[in-house]
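Data block below; observations after.
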Amino acid sequence: MSEEKPGFGLSADVKSKLLNRLSAQMANRPAAGVAAVEAPAPVSSRPALGHPSVLEEIAMLRRAGDALGLESPFFRVNEGLPTPWSVIDGRRVLNFCAYNYLGLNGDPRVTAAANAAAERYGTSVSGSRIVSGERQVHRDLEAALAKVYQADDAIVLVNGHATNVTVISHLVGPGDAVICDALSHNSIIQGAQLAGAKRRSFLHNDLADLDRVLGEFGDTVKRRLVIVEGCYGMDGDAPDLAAMIPIIRRHRAHLMVDEAHGLGVLGERGLGVFEHCGVDPREVDVWMGTLSKTLATCGGFIAGSVEMVEYLRASAPGFLFSVGMPAPTAAASLEALRIMLAEPERMERLRTNGQVFVQAARAAGLDVGETLGRAIIPVIIGSSLRTTLVADRLWKRGIAAQPILYPGVPERSARLRFFVTSEHAPEDLRWAVSEVANALAEVGQTTPQALADLKTKLRK
Ligand SMILES: Cc1ncc(COP(=O)(O)O)c(C=O)c1O
(Lines give C-alpha, C1' and ligand atoms only; values in the text may rest on other atoms or scores of the structure.)
Protein backbone atom coordinates (compact mmCIF):
# COMPACT_ATOMS: atom_id res chain seq x y z
CA MET A 1 0.00 0.00 0.00
CA SER A 2 1.20 3.48 -0.85
CA GLU A 3 2.44 5.71 2.00
CA GLU A 4 0.17 8.59 0.87
CA LYS A 5 -3.02 7.33 2.51
CA PRO A 6 -6.22 9.06 1.54
CA GLY A 7 -7.52 11.16 4.42
CA PHE A 8 -4.13 12.49 5.35
CA GLY A 9 -3.54 13.63 1.80
CA LEU A 10 0.12 14.35 2.45
CA SER A 11 2.61 13.94 -0.33
CA ALA A 12 5.96 12.35 0.45
CA ASP A 13 7.52 15.76 -0.14
CA VAL A 14 5.28 17.49 2.39
CA LYS A 15 5.83 14.70 4.91
CA SER A 16 9.55 14.98 4.61
CA LYS A 17 9.36 18.78 5.05
CA LEU A 18 7.25 18.33 8.17
CA LEU A 19 9.61 15.76 9.61
CA ASN A 20 12.49 18.01 8.80
CA ARG A 21 10.78 20.92 10.55
CA LEU A 22 9.96 18.87 13.64
CA SER A 23 13.46 17.58 14.02
CA ALA A 24 14.80 21.09 13.42
CA GLN A 25 12.55 22.44 16.13
CA MET A 26 13.78 19.80 18.52
CA ALA A 27 17.37 20.66 17.66
CA ASN A 28 16.54 24.36 17.72
CA ARG A 29 17.90 25.09 14.20
CA PRO A 30 16.24 26.33 10.96
CA ALA A 31 14.57 23.63 8.89
CA ALA A 32 15.81 23.07 5.34
CA GLY A 33 13.25 23.33 2.56
CA VAL A 34 10.56 25.00 4.66
CA ALA A 35 9.63 28.61 4.02
CA ALA A 36 10.92 30.76 6.91
CA VAL A 37 7.55 32.43 7.36
CA GLU A 38 5.90 29.06 8.11
CA ALA A 39 8.32 28.01 10.79
CA PRO A 40 7.39 28.93 14.39
CA ALA A 41 10.04 30.93 16.15
CA PRO A 42 12.47 28.72 18.07
CA VAL A 43 11.55 28.68 21.74
CA SER A 44 14.80 30.30 22.81
CA SER A 45 14.18 33.42 20.68
CA ARG A 46 10.99 34.30 22.56
CA PRO A 47 11.03 36.13 25.89
CA ALA A 48 10.05 33.87 28.77
CA LEU A 49 6.54 34.31 30.10
CA GLY A 50 6.39 35.91 33.53
CA HIS A 51 7.79 39.09 35.04
CA PRO A 52 11.54 39.46 34.31
CA SER A 53 12.38 40.86 37.74
CA VAL A 54 10.65 37.95 39.47
CA LEU A 55 12.28 35.38 37.19
CA GLU A 56 15.63 36.97 37.93
CA GLU A 57 14.99 36.93 41.66
CA ILE A 58 14.03 33.24 41.66
CA ALA A 59 17.17 32.38 39.69
CA MET A 60 19.31 34.49 42.02
CA LEU A 61 17.89 32.84 45.15
CA ARG A 62 18.51 29.40 43.64
CA ARG A 63 22.11 30.29 42.77
CA ALA A 64 22.70 31.74 46.23
CA GLY A 65 21.26 28.62 47.88
CA ASP A 66 23.40 26.35 45.68
CA ALA A 67 26.52 28.42 46.35
CA LEU A 68 25.99 28.13 50.10
CA GLY A 69 25.11 24.44 49.90
CA LEU A 70 21.71 25.06 51.54
CA GLU A 71 18.63 22.93 51.09
CA SER A 72 15.68 25.00 49.89
CA PRO A 73 13.35 25.78 52.82
CA PHE A 74 10.39 25.99 50.43
CA PHE A 75 7.89 23.39 49.22
CA ARG A 76 8.87 20.85 51.82
CA VAL A 77 6.45 17.94 52.03
CA ASN A 78 4.56 17.40 55.29
CA GLU A 79 3.73 13.72 55.40
CA GLY A 80 0.80 13.91 57.82
CA LEU A 81 -1.15 16.35 59.95
CA PRO A 82 0.27 19.81 60.64
CA THR A 83 0.72 19.02 64.34
CA PRO A 84 3.47 20.48 66.57
CA TRP A 85 5.65 17.46 65.85
CA SER A 86 5.39 16.66 62.16
CA VAL A 87 7.24 14.50 59.67
CA ILE A 88 8.41 16.86 56.97
CA ASP A 89 10.62 15.71 54.08
CA GLY A 90 11.20 12.50 56.04
CA ARG A 91 12.45 14.33 59.13
CA ARG A 92 10.58 14.52 62.48
CA VAL A 93 10.61 18.19 63.40
CA LEU A 94 9.05 20.64 65.82
CA ASN A 95 6.78 22.44 63.39
CA PHE A 96 6.27 26.20 63.53
CA CYS A 97 5.19 26.57 59.91
CA ALA A 98 1.49 25.70 60.12
CA TYR A 99 -1.31 28.14 60.97
CA ASN A 100 -3.41 25.45 62.60
CA TYR A 101 -3.79 27.90 65.48
CA LEU A 102 -6.24 25.99 67.65
CA GLY A 103 -5.28 22.51 66.48
CA LEU A 104 -8.66 22.00 64.81
CA ASN A 105 -7.23 20.63 61.58
CA GLY A 106 -6.98 16.97 62.55
CA ASP A 107 -9.57 17.14 65.34
CA PRO A 108 -11.64 13.95 64.89
CA ARG A 109 -14.93 15.90 65.12
CA VAL A 110 -13.89 18.21 62.28
CA THR A 111 -12.74 15.28 60.15
CA ALA A 112 -15.99 13.42 60.89
CA ALA A 113 -18.04 16.45 59.79
CA ALA A 114 -16.11 16.58 56.51
CA ASN A 115 -16.54 12.83 55.98
CA ALA A 116 -20.28 12.94 56.66
CA ALA A 117 -20.75 15.85 54.23
CA ALA A 118 -18.68 14.04 51.58
CA GLU A 119 -20.87 10.94 51.98
CA ARG A 120 -24.04 12.96 51.64
CA TYR A 121 -23.12 15.65 49.11
CA GLY A 122 -19.99 14.36 47.40
CA THR A 123 -16.65 16.07 47.05
CA SER A 124 -17.88 18.97 44.92
CA VAL A 125 -21.16 20.85 44.67
CA SER A 126 -20.68 20.66 40.90
CA GLY A 127 -21.98 24.11 40.10
CA SER A 128 -21.98 27.76 41.01
CA ARG A 129 -24.26 28.34 43.98
CA ILE A 130 -26.67 30.48 41.99
CA VAL A 131 -27.46 27.67 39.57
CA SER A 132 -27.14 24.26 41.18
CA GLY A 133 -24.42 24.42 43.82
CA GLU A 134 -26.42 25.65 46.82
CA ARG A 135 -26.40 23.33 49.88
CA GLN A 136 -27.88 23.85 53.34
CA VAL A 137 -24.41 23.62 54.91
CA HIS A 138 -23.35 26.82 53.07
CA ARG A 139 -26.25 28.66 54.67
CA ASP A 140 -25.51 27.20 58.10
CA LEU A 141 -21.86 28.26 57.92
CA GLU A 142 -22.77 31.74 56.71
CA ALA A 143 -25.31 32.17 59.50
CA ALA A 144 -22.75 31.04 62.10
CA LEU A 145 -20.12 33.46 60.77
CA ALA A 146 -22.60 36.35 60.62
CA LYS A 147 -23.43 35.66 64.28
CA VAL A 148 -19.77 36.03 65.31
CA TYR A 149 -19.71 39.58 63.87
CA GLN A 150 -23.32 40.41 64.89
CA ALA A 151 -23.79 41.07 61.19
CA ASP A 152 -26.96 40.79 59.12
CA ASP A 153 -25.50 38.15 56.86
CA ALA A 154 -22.33 36.54 55.50
CA ILE A 155 -21.16 34.92 52.28
CA VAL A 156 -18.46 32.25 51.83
CA LEU A 157 -16.22 31.95 48.78
CA VAL A 158 -13.92 29.13 47.77
CA ASN A 159 -10.59 30.89 48.32
CA GLY A 160 -9.37 33.47 50.81
CA HIS A 161 -7.02 35.37 48.52
CA ALA A 162 -9.61 35.46 45.74
CA THR A 163 -12.21 36.72 48.22
CA ASN A 164 -10.24 39.92 48.77
CA VAL A 165 -9.51 40.34 45.06
CA THR A 166 -13.09 39.88 43.90
CA VAL A 167 -14.83 41.63 46.78
CA ILE A 168 -12.64 44.74 47.06
CA SER A 169 -12.69 45.24 43.29
CA HIS A 170 -16.47 44.84 43.30
CA LEU A 171 -17.22 47.18 46.21
CA VAL A 172 -15.23 50.15 44.89
CA GLY A 173 -14.02 51.34 41.50
CA PRO A 174 -12.62 54.29 39.55
CA GLY A 175 -13.55 57.51 41.31
CA ASP A 176 -13.13 55.87 44.74
CA ALA A 177 -10.07 55.45 46.96
CA VAL A 178 -8.64 52.45 48.78
CA ILE A 179 -6.42 53.25 51.73
CA CYS A 180 -4.49 50.33 53.23
CA ASP A 181 -1.95 49.75 55.94
CA ALA A 182 1.59 49.65 54.52
CA LEU A 183 1.95 46.00 55.56
CA SER A 184 -1.23 44.81 53.84
CA HIS A 185 -1.48 41.32 52.44
CA ASN A 186 -1.00 40.85 48.70
CA SER A 187 -4.66 39.92 48.20
CA ILE A 188 -5.77 43.33 49.50
CA ILE A 189 -3.38 45.14 47.20
CA GLN A 190 -4.46 43.09 44.21
CA GLY A 191 -8.13 43.77 44.98
CA ALA A 192 -7.43 47.49 45.16
CA GLN A 193 -5.45 47.37 41.90
CA LEU A 194 -8.24 45.54 40.10
CA ALA A 195 -10.79 48.06 41.41
CA GLY A 196 -9.04 50.83 39.47
CA ALA A 197 -9.53 53.09 42.49
CA LYS A 198 -6.92 55.57 43.73
CA ARG A 199 -4.59 53.69 46.06
CA ARG A 200 -2.74 55.07 49.06
CA SER A 201 -1.08 53.40 52.01
CA PHE A 202 -0.47 54.74 55.51
CA LEU A 203 2.42 53.85 57.82
CA HIS A 204 1.86 50.55 59.60
CA ASN A 205 -0.63 50.97 62.47
CA ASP A 206 0.00 54.74 62.46
CA LEU A 207 -3.35 56.44 63.03
CA ALA A 208 -2.00 59.98 62.63
CA ASP A 209 -0.74 58.99 59.19
CA LEU A 210 -4.09 57.38 58.34
CA ASP A 211 -5.81 60.63 59.33
CA ARG A 212 -3.40 62.62 57.16
CA VAL A 213 -3.84 60.35 54.12
CA LEU A 214 -7.64 60.41 54.44
CA GLY A 215 -7.58 64.20 54.70
CA GLU A 216 -5.58 64.54 51.49
CA PHE A 217 -8.37 63.29 49.27
CA GLY A 218 -10.69 66.22 49.94
CA ASP A 219 -13.61 66.02 47.53
CA THR A 220 -11.64 64.29 44.78
CA VAL A 221 -13.12 60.84 45.45
CA LYS A 222 -16.60 59.53 46.01
CA ARG A 223 -15.95 56.73 48.52
CA ARG A 224 -12.98 55.98 50.73
CA LEU A 225 -12.47 52.38 51.78
CA VAL A 226 -9.91 51.87 54.54
CA ILE A 227 -8.62 48.29 54.81
CA VAL A 228 -6.68 46.93 57.77
CA GLU A 229 -5.89 43.48 59.11
CA GLY A 230 -7.05 42.26 62.50
CA CYS A 231 -3.68 40.62 63.18
CA TYR A 232 -0.75 41.12 60.82
CA GLY A 233 0.55 37.88 59.35
CA MET A 234 4.25 38.72 59.39
CA ASP A 235 4.35 40.64 62.68
CA GLY A 236 1.59 39.34 64.94
CA ASP A 237 0.46 42.83 65.96
CA ALA A 238 -2.97 44.45 65.69
CA PRO A 239 -4.42 47.87 64.90
CA ASP A 240 -6.00 50.02 67.59
CA LEU A 241 -9.51 49.60 66.24
CA ALA A 242 -11.13 51.61 69.04
CA ALA A 243 -9.06 54.69 68.18
CA MET A 244 -9.30 54.10 64.43
CA ILE A 245 -13.09 54.06 64.14
CA PRO A 246 -13.67 57.74 65.07
CA ILE A 247 -11.08 58.75 62.45
CA ILE A 248 -12.86 56.65 59.82
CA ARG A 249 -16.21 58.21 60.74
CA ARG A 250 -14.85 61.76 60.72
CA HIS A 251 -13.67 61.29 57.14
CA ARG A 252 -16.94 59.59 56.14
CA ALA A 253 -14.90 56.55 55.07
CA HIS A 254 -15.81 52.86 55.16
CA LEU A 255 -13.81 50.31 57.12
CA MET A 256 -12.95 46.77 56.06
CA VAL A 257 -11.07 44.44 58.42
CA ASP A 258 -9.34 41.27 57.21
CA GLU A 259 -9.46 38.77 60.08
CA ALA A 260 -7.49 35.98 58.38
CA HIS A 261 -5.17 35.72 61.41
CA GLY A 262 -7.42 37.37 64.00
CA LEU A 263 -10.27 34.88 64.27
CA GLY A 264 -9.59 32.28 66.94
CA VAL A 265 -6.48 34.18 68.01
CA LEU A 266 -7.47 37.55 69.49
CA GLY A 267 -9.96 38.26 72.24
CA GLU A 268 -11.05 36.24 75.27
CA ARG A 269 -13.26 33.93 73.22
CA GLY A 270 -11.22 34.17 70.02
CA LEU A 271 -13.80 36.38 68.32
CA GLY A 272 -10.98 38.46 66.94
CA VAL A 273 -9.76 42.02 66.88
CA PHE A 274 -13.11 43.63 67.81
CA GLU A 275 -13.19 41.59 71.02
CA HIS A 276 -9.52 42.33 71.64
CA CYS A 277 -10.13 46.09 71.24
CA GLY A 278 -13.51 46.16 72.98
CA VAL A 279 -15.27 47.46 69.87
CA ASP A 280 -18.82 46.83 68.67
CA PRO A 281 -18.35 44.69 65.54
CA ARG A 282 -21.20 46.57 63.84
CA GLU A 283 -18.88 49.59 63.65
CA VAL A 284 -16.97 47.79 60.89
CA ASP A 285 -18.59 47.89 57.44
CA VAL A 286 -16.93 44.84 55.93
CA TRP A 287 -15.62 41.87 57.88
CA MET A 288 -13.43 39.58 55.82
CA GLY A 289 -11.85 36.36 57.01
CA THR A 290 -10.44 33.08 55.81
CA LEU A 291 -11.29 29.51 56.70
CA SER A 292 -7.69 28.37 56.20
CA LYS A 293 -6.25 29.22 59.61
CA THR A 294 -8.30 28.62 62.77
CA LEU A 295 -11.21 27.15 60.81
CA ALA A 296 -9.11 24.33 59.38
CA THR A 297 -10.12 24.23 55.68
CA CYS A 298 -9.87 26.80 52.91
CA GLY A 299 -12.01 29.62 51.60
CA GLY A 300 -12.90 33.18 52.47
CA PHE A 301 -15.90 34.97 53.90
CA ILE A 302 -17.44 38.40 54.08
CA ALA A 303 -19.86 39.49 56.81
CA GLY A 304 -21.79 42.75 56.94
CA SER A 305 -25.05 44.41 56.00
CA VAL A 306 -27.77 42.50 54.22
CA GLU A 307 -27.55 44.92 51.28
CA MET A 308 -23.84 44.37 50.81
CA VAL A 309 -24.01 40.58 51.14
CA GLU A 310 -26.99 40.42 48.76
CA TYR A 311 -25.08 42.56 46.27
CA LEU A 312 -22.05 40.24 46.45
CA ARG A 313 -24.21 37.12 46.21
CA ALA A 314 -25.95 38.48 43.14
CA SER A 315 -22.97 39.90 41.31
CA ALA A 316 -19.43 39.38 42.71
CA PRO A 317 -17.60 37.69 39.80
CA GLY A 318 -15.46 35.40 41.99
CA PHE A 319 -18.63 34.08 43.62
CA LEU A 320 -21.07 34.04 40.74
CA PHE A 321 -18.76 32.64 38.08
CA SER A 322 -17.05 30.13 40.33
CA VAL A 323 -18.04 26.79 41.83
CA GLY A 324 -19.64 26.79 45.28
CA MET A 325 -17.57 25.76 48.27
CA PRO A 326 -17.37 21.94 48.54
CA ALA A 327 -19.79 20.73 51.22
CA PRO A 328 -17.06 18.85 53.20
CA THR A 329 -15.09 22.10 53.42
CA ALA A 330 -18.10 24.09 54.64
CA ALA A 331 -19.10 21.35 57.10
CA ALA A 332 -15.58 21.04 58.53
CA SER A 333 -15.25 24.80 59.05
CA LEU A 334 -18.71 24.98 60.62
CA GLU A 335 -17.68 22.27 63.08
CA ALA A 336 -14.34 23.98 63.73
CA LEU A 337 -16.18 27.23 64.50
CA ARG A 338 -18.55 25.39 66.83
CA ILE A 339 -15.61 23.87 68.72
CA MET A 340 -13.77 27.19 68.84
CA LEU A 341 -16.76 28.83 70.52
CA ALA A 342 -17.44 25.89 72.83
CA GLU A 343 -13.86 25.38 74.02
CA PRO A 344 -12.35 28.72 75.08
CA GLU A 345 -9.62 26.78 76.88
CA ARG A 346 -7.96 26.41 73.47
CA MET A 347 -7.54 30.21 73.32
CA GLU A 348 -6.24 30.15 76.86
CA ARG A 349 -3.56 27.60 75.88
CA LEU A 350 -2.71 29.66 72.80
CA ARG A 351 -2.29 32.79 74.93
CA THR A 352 -0.12 30.94 77.48
CA ASN A 353 2.03 29.39 74.77
CA GLY A 354 2.50 32.72 73.02
CA GLN A 355 3.61 34.33 76.28
CA VAL A 356 6.01 31.47 77.06
CA PHE A 357 7.65 31.91 73.65
CA VAL A 358 7.80 35.71 73.76
CA GLN A 359 9.14 35.87 77.32
CA ALA A 360 11.81 33.27 76.61
CA ALA A 361 12.75 35.04 73.37
CA ARG A 362 13.02 38.46 75.01
CA ALA A 363 15.06 36.97 77.86
CA ALA A 364 17.42 35.50 75.25
CA GLY A 365 17.81 38.91 73.63
CA LEU A 366 15.84 38.04 70.48
CA ASP A 367 13.92 40.76 68.64
CA VAL A 368 10.25 39.76 68.41
CA GLY A 369 9.09 43.21 67.26
CA GLU A 370 5.64 44.38 68.27
CA THR A 371 3.97 40.98 68.39
CA LEU A 372 1.08 40.58 70.78
CA GLY A 373 2.52 37.16 71.58
CA ARG A 374 -0.36 35.08 70.33
CA ALA A 375 -0.12 32.89 67.28
CA ILE A 376 2.37 34.82 65.15
CA ILE A 377 5.78 35.55 66.58
CA PRO A 378 8.58 36.83 64.38
CA VAL A 379 12.22 36.65 65.34
CA ILE A 380 13.57 39.59 63.39
CA ILE A 381 17.14 39.08 62.25
CA GLY A 382 17.53 41.72 59.54
CA SER A 383 19.83 40.23 56.95
CA SER A 384 18.31 37.70 54.55
CA LEU A 385 21.54 35.72 54.50
CA ARG A 386 21.73 35.36 58.28
CA THR A 387 18.06 34.47 58.46
CA THR A 388 18.48 31.76 55.86
CA LEU A 389 21.56 30.36 57.60
CA VAL A 390 19.81 30.31 60.99
CA ALA A 391 16.74 28.59 59.49
CA ASP A 392 18.98 25.97 57.91
CA ARG A 393 20.73 25.23 61.21
CA LEU A 394 17.40 24.95 63.02
CA TRP A 395 16.05 22.61 60.37
CA LYS A 396 19.08 20.36 60.78
CA ARG A 397 18.45 20.31 64.56
CA GLY A 398 14.78 19.38 64.11
CA ILE A 399 13.01 22.74 64.15
CA ALA A 400 11.00 23.97 61.17
CA ALA A 401 10.59 27.76 61.16
CA GLN A 402 9.96 29.61 57.93
CA PRO A 403 12.48 32.25 56.88
CA ILE A 404 10.67 35.29 55.52
CA LEU A 405 12.86 37.42 53.32
CA TYR A 406 12.53 40.64 51.33
CA PRO A 407 10.18 41.34 49.47
CA GLY A 408 7.84 39.33 51.75
CA VAL A 409 8.81 41.86 54.44
CA PRO A 410 10.51 45.27 54.13
CA GLU A 411 14.22 45.31 53.34
CA ARG A 412 16.58 44.60 56.25
CA SER A 413 13.81 43.07 58.32
CA ALA A 414 14.15 39.43 57.26
CA ARG A 415 12.91 37.13 59.99
CA LEU A 416 11.98 33.68 61.08
CA ARG A 417 8.24 33.40 61.56
CA PHE A 418 6.97 31.13 64.31
CA PHE A 419 3.35 30.05 64.21
CA VAL A 420 2.70 29.05 67.82
CA THR A 421 -0.48 27.03 68.37
CA SER A 422 -2.58 25.94 71.33
CA GLU A 423 -1.13 22.45 70.85
CA HIS A 424 2.57 23.18 71.32
CA ALA A 425 4.08 22.06 74.61
CA PRO A 426 5.63 24.90 76.66
CA GLU A 427 8.89 22.94 77.16
CA ASP A 428 9.21 22.52 73.38
CA LEU A 429 8.75 26.27 72.96
CA ARG A 430 11.53 27.01 75.46
CA TRP A 431 13.82 24.51 73.75
CA ALA A 432 13.11 26.08 70.34
CA VAL A 433 13.94 29.57 71.63
CA SER A 434 17.24 28.39 73.11
CA GLU A 435 18.14 26.73 69.80
CA VAL A 436 17.32 29.93 67.90
CA ALA A 437 19.58 31.92 70.21
CA ASN A 438 22.38 29.34 69.79
CA ALA A 439 22.04 29.22 66.01
CA LEU A 440 21.98 32.99 65.79
CA ALA A 441 25.15 33.30 67.84
CA GLU A 442 26.93 30.64 65.75
CA VAL A 443 25.84 32.19 62.47
CA GLY A 444 26.82 35.65 63.71
CA GLN A 445 30.40 34.43 63.74
CA THR A 446 30.30 32.73 60.34
CA THR A 447 28.18 35.20 58.35
CA PRO A 448 31.01 37.54 57.19
CA GLN A 449 32.91 34.53 55.77
CA ALA A 450 29.70 33.08 54.25
CA LEU A 451 28.96 36.41 52.61
CA ALA A 452 32.48 36.65 51.18
CA ASP A 453 32.24 33.05 49.86
CA LEU A 454 28.84 33.76 48.38
CA LYS A 455 30.07 36.88 46.56
CA THR A 456 33.05 34.97 45.12
CA LYS A 457 30.93 32.06 44.00
CA LEU A 458 28.22 34.23 42.45
CA ARG A 459 30.85 36.22 40.53
CA LYS A 460 32.18 33.05 38.89
C1 LIG B 1 -4.34 38.83 55.77
C2 LIG B 1 -4.61 37.74 54.79
N3 LIG B 1 -5.67 37.83 53.98
C4 LIG B 1 -5.95 36.87 53.07
C5 LIG B 1 -5.16 35.75 52.96
C6 LIG B 1 -5.48 34.69 51.95
O7 LIG B 1 -6.07 33.61 52.56
P8 LIG B 1 -5.97 32.12 52.02
O9 LIG B 1 -4.57 31.66 52.25
O10 LIG B 1 -6.94 31.39 52.86
O11 LIG B 1 -6.31 32.15 50.58
C12 LIG B 1 -4.06 35.60 53.80
C13 LIG B 1 -3.21 34.40 53.72
O14 LIG B 1 -2.54 34.00 54.59
C15 LIG B 1 -3.76 36.61 54.73
O16 LIG B 1 -2.70 36.55 55.54
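Once you put a point 7 Å from the Cα of T123 and another 7 Å from the Cα of D140, both along the Cβ direction, what distance in nm separates them?
Distance between the two pseudo-spin positions: 2.2 nm.
Mind listing the Cα extents of the stretch 305-460 along all three principal axes, in Å, largest one first?
Ordered largest first, the stretch 305-460 gives principal extents of 60, 43, 27 Å.
So how many Lys-Lys pairs in the chain land under 21 Å Cα to Cα, not counting same-chain pairs under 8 apart? Kindly include the intermediate steps, with their values, before the conclusion.
On the way: K5/K15; K5/K17; K147/K293; K198/K222.
Lysine pairs satisfying the spacing and distance rule in the chain number 4.
With a 1.4 Å probe and all protein chains kept in place, how much accessible area does Y121 have, in Å² rounded to the nearest 10?
Taking all protein chains as shown, Y121 has close to 60 Å².
Normalise the Debye intensity by I(0) for the stretch 162-256, one equal point scatterer per Cα, no solvent, then take log10 at q = 0.21, 0.23 Å⁻¹ and round to two decimals.
Here log10 of I(q) over I(0) equals -1.03, -1.22.
Which residues in the stretch 278-310 have a backbone N closer than 16 Å to a point placed 7 Å from the Cα of D240 along the Cα-to-Cβ line?
Hits in the stretch 278-310 for D240 at 16 Å: 278-279.
With all pairs of different alpha carbon atoms counted, what Kirkwood hydrodynamic radius in Å does the stretch 108-342 show?
Numbers: mean 1/r = 0.0561 Å⁻¹.
Value: 17.8 Å, from the Cα pair sum.
Please arrange E268, E259, E343 by accessible surface area, largest first, computed with a 1.4 Å probe and ligands excluded. Intermediate results must be reported in sequence, preceding the final value.
Details: E268 125, E259 0, E343 35 Å².
Sorted descending by solvent-accessible area, the residues read E268, E343, E259.
For H254, which sequence-distant residues (separation of 5 or more, or a different chain) have an amide H within less than 5 Å of its own amide H, given hydrogens modelled in the peptide plane?
Those qualifying (amide H under 5 Å, at least 5 residues apart or on another chain) are R224, L225, V226.
How much length is gained on full extension from W85 to I130, taking 0.36 nm per residue of separation minus their Cα-Cα distance? Write out the running numbers ahead of the final one.
On the way: separation 45, 0.36 × 45 = 16.20 nm, distance 4.22 nm.
Gain on stretching W85 to I130: 12.0 nm.
Can you list the residues, at least 5 places off or on another chain, whose amide H is less than 5 Å from the amide H of S201, using H built in the peptide plane?
Counting only residues 5 or more places away or on other chains, the set is C180.
Restricting to DSSP loop positions (anything but H, G, I, E, B) with no more than 11 other Cβ atoms inside 10 Å of their own Cβ, which trypsin sites (Lys or Arg not before Pro) remain in the stretch 398-454?
Values: sites: R412, R415, R417, R430; in loops: R412.
Sparse-neighbourhood loop trypsin sites (Lys or Arg not before Pro): R412.
Hey, what do the phi angles of the stretch 129-143 turn into as Karplus ³J(HN,Hα) couplings, whole Hz, using 6.51/-1.76/1.60 and θ = phi - 60°, x for Gly and Pro?
For the stretch 129-143, the Karplus curve yields 4, 5, 9, 9, x, 6, 10, 4, 5, 4, 5, 5, 5, 5, 5 Hz.
Do any chymotrypsin sites (Phe, Trp or Tyr not before Pro) in the stretch 193-296 lie in a DSSP loop with no more than 12 other beta carbon atoms within 10 Å, and if so, which? Could the numbers behind the result be given before it?
Numbers: sites: F202, F217, Y232, F274, W287; in loops: F217, Y232.
Those that pass, being in a loop and sparsely packed, number zero.
How much FRET efficiency would the formula 1/(1 + (r/R0)^6) give for D152 and E343, where r is the Cβ-Cβ distance and R0 is 30 Å, rounded to 0.05?
According to the calculation, E is roughly 0.65.
Using 0.36 nm per residue of separation minus the Cα-Cα distance, give me the extension gain between V54 and E427 in nm, one decimal.
Details: separation 373, 0.36 × 373 = 134.28 nm, distance 4.06 nm.
Taking 0.36 nm per residue and subtracting the Cα distance, the gain is 130.2 nm.
Any chance you could run the full-extension gain for E283 through A452? It's 0.36 nm times the residue separation minus the Cα-Cα distance, nm to one decimal.
Working: separation 169, 0.36 × 169 = 60.84 nm, distance 5.44 nm.
Gain in length upon complete extension: 55.4 nm.
Between D66 and D206, what is the label-to-label distance in nm when each label sits 7 Å out along the Cα-to-Cβ direction?
About 4.2 nm, to one decimal.
Calculated from DSSP H runs of 4 or more alone, at -39500 (n - 2.57) each and per residue, what is the 222 nm mean residue ellipticity of the chain, nearest 500?
Using -39500 (n - 2.57) per qualifying helix, the result is -14000 deg cm²/dmol.
Once the dipole of the chain is set up with Lys and Arg at +1 and Asp and Glu at -1 on Cβ about the Cα centre, which of A331, C97, V226 lies farthest towards its positive end?
C97
Put a dot 7 Å past each Cα toward the Cβ at N115 and F74; how far apart are the dots in nm?
Taking the simple label geometry, F74 and N115 are separated by 3.7 nm.
Under 5 Å between amide H atoms, partner at least 5 residues away or on a different chain: which partners does G299 have, H built in plane at 1.01 Å?
Under 5 Å from the amide H of G299 lie the amide H atoms of G160, L291, S292, each far enough along the sequence or on another chain.
The values are calculated or read from the model by the stated rules, or taken from the named source; none is laboratory data. On a predicted model such as this, the values are computed, not experimentally measured, just so you know. Cβ sites come from the backbone with ideal geometry, for glycine too, and all protein chains shown count toward neighbours. These accessible areas exclude ligands, DNA and RNA; they are computed on the full protein's heavy atoms, side chains included. Shrake-Rupley method; radii C 1.70, N 1.55, O 1.52, S 1.80 Å.
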